[in-house]
Amino acid sequence: MRPGERRVSAPLVLAAASGMLAIAVLVVWSTFGGDRPEAAAPERPDELHVDDGSPEAAAQSFYDAWRRRRWGPAEALSVGAALRAVHEKRADDEALPQDQRVIAERSWEALAHSPLRVELDEVNILGDDRFSLSGVASYQLVGRPYRRRVGFDVEGTPGGYRVSEMRLGEVLTELPEILRGGREGQ
């Protein structure tokens, strides 16, 4: 050792090298292999958030567009039977008499301000990038909690995941008298 030089202990060199290696691994992992960040939530509750990056996200986005009567996004997120159902529901809505349509549009606008949550309790992998999902959708309906069983068949396409079928199941909350007896899928 020359005069004025200092020796660095081997454990200190190993600790510094290990720390630098750990930082390098984190940078590479977050850049190339880490979890994709979740899609940003809408800034406003009435903003429709569309995400087709996973079967779950596509199902929730489709259901949210359906309940809000946002037919363009619902069509874009669907294929097959689900796309036909969108066209039929849209035609039904457009065929409402004017007085009923005014009331219905007020309800749809209220729904647009109520955030949706779909909690999946069953996911079946069908193969060929197809999935069957089921769970419970919940949101506010006329100022009251609303929960309903829902099911979706979802398939991967070159443009993202698309709902090929939606099954509207049992309503799990007690509805006010005025809302009972409405058509399926309302």
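Mind checking the dipole of the stretch 55-179: about its Cα centre, +1 per Lys or Arg Cβ, -1 per Asp or Glu Cβ, Debye to the nearest 20? Please report the intermediate quantities before stating the final value.
Values: 17 positive and 21 negative charges, 59 e Å.
Dipole about the Cα centre, nearest 20: 280 debye.
Considering Cα pairs under 8 angstrom that are at least six residues apart, work out the relative contact order of the stretch 55-179 and quote it in whole percent.
25
May I ask you to order 158-166, 115-123 by the average number of other C-beta atoms within 10 Å around their residues, highest value first?
Listed from highest to lowest mean packing, they are 158-166, 115-123.
Quick one: 3J(HN,Hα) in Hz for the stretch 67-78, Karplus 6.51/-1.76/1.60 with θ = phi - 60°, rounded, Gly and Pro as x.
5, 8, 6, 9, 5, x, x, 4, 4, 5, 9, 10
Determine, for each peptide in 100-112, 50-62, the mean count of other beta carbons within 10 angstrom over its residues, then list the peptides with the highest first.
Highest mean packing first, the order is 50-62, 100-112.
Bear in mind these aren't lab numbers, they're just calculated from the coordinates by the rules spelled out. Only a predicted model underlies this, so the values are computations on that prediction, with no experimental measurement involved. Note that we place each Cβ from the backbone using ideal geometry, even for glycine, and neighbour counts take in every protein chain shown.
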